[in-house]
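Below: the structure, in structure tokens.
The values are calculated or read from the model by the stated rules, or taken from the named source; none is laboratory data. Values in this document were obtained by computation on a predicted structure and should not be read as measured data. As a convention, Cβ positions derive from the backbone with ideal geometry for all residues, glycine included, and neighbour counts pool all protein chains shown.
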Amino acid sequence: MKNLAQIFWLILVLNFAAASGAQQMSIKLPPDNAAAQVKDGSGDDTVRRNCTICHSTDYIVTQPHLDAMHWQAEVQKMINVYGARINESDAKVIADYLAKNYGPQERKKEEKVGGGKR
Ligand code: HEC
């Protein structure tokens with residue numbers, strides 16, 4: 001009987017030690033790669049907040065430069081096809097930002113600066 005009580009206490013003490021040893025872990029992810037960072041500009045926060053949940057901004061910066069209509073369709077595709085939960089006003093801010101910073105006008109500028117090489 002005495003032995004049983006000792007075993008019982010031993011199990012209790014071991015359990016307590018295991019429980020107090022379990023600490024909360026935090027994981028720090030590396031930052032997005034530098035080439036994939038979206039440009040600063042009005043609406044960039046809205047883009048980062050809504051468009052990096054499922055994938056990095058690689059998908060945005062590596063796209064061919066689209067016009068406003070196509071960027072708007074791209075944002076709608078994320079919502080309708082992939083289920084992105086983006087409200088209407090954010091969707092508009094995002095489409096405007098993308099058309100402005102990754103639109104056909106920007107491509108012309110980059111071609112001039114880079115001498116047409118990409
Ligand atoms: C709910 C998840 C989700 C969110 C949020 C999301 N995307 Fe996507 N996105 C996807 C998936 C899935 C793909 C397709 C991946 C593949 O084909 O490998 C994709 C692909 C893309 C592509 C590549 C072209 C294409 O049409 O496949 C672009 C550009 C893109 N996303 C832009 C955006 C932008 C801009 C936002 C913010 C408005 C956004 N995504 C938010 C899921 C999401």
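For the stretch 74-99, give me each residue that is among the β-branched types (Val, Ile, Thr), within 6 Å of the ligand (Cβ to nearest atom) and not in a loop (DSSP other than H, G, I, E, B). Hits for the stretch 74-99 are Val75, Ile94. Determine whether the stretch 89-98 contains at least one residue that is touching a residue at least 60 places away in the same chain (Cβ under 8 Å), closer than 24 Å to Glu111 by Cβ and in contact with a Phe, Trp or Tyr (Cβ under 8 Å, 6 or more places away or on another chain). The answer is no; no qualifying residue exists.
Determine which member of the set Thr52, Thr57 is in contact (Cβ under 8 Å) with a residue 24 or more places away in the chain and either within 30 Å of Asp96 (Cβ to Cβ) or not polar (S, T, N, Q) (or both). Going through Thr52, Thr57 in turn, just one is in contact (Cβ under 8 Å) with a residue 24 or more places away in the chain and either within 30 Å of Asp96 (Cβ to Cβ) or not polar (S, T, N, Q) (or both): Thr57. If the condition is being of a type in the set (A, V, I, L, M, F, W, C) and touching an Asp or Glu at 6+ places or on another chain (Cβ under 8 Å), then the stretch 60-83 contributes Leu66, Ala68. Within the bounds of the stretch 24-42, is there any residue that is among the hydroxyl-bearing types (Ser, Thr, Tyr) and within 15 Å of the chain's Cα centre (by Cα)? Within the stretch 24-42 (the criterion being among the hydroxyl-bearing types (Ser, Thr, Tyr) and within 15 Å of the chain's Cα centre (by Cα)), the answer is no, since none of the residues qualifies. Determine which member of the set Ala36, Ala73, Ala17 is hydrophobic (A, V, I, L, M, F, W, C) and surrounded by 15 or more Cβ atoms within 10 Å (Cβ to Cβ). The match here is Ala36. Residues in the stretch 81-107 that are basic (Lys, Arg), more than 13 Å from Val38 (Cα to Cα) and modelled with pLDDT of 75 or more: Arg85, Lys92. Number of residues in the stretch 46-73 that are within 6 Å of the ligand (Cβ to nearest atom) and within 21 Å of Leu29 (Cα to Cα) equals 7. Scanning the stretch 14-58 for residues that are in a helix (DSSP H, G or I), of a type in the set (Val, Ile, Thr) and over 21 Å from Gly83 (Cα atoms) yields a total of 0.
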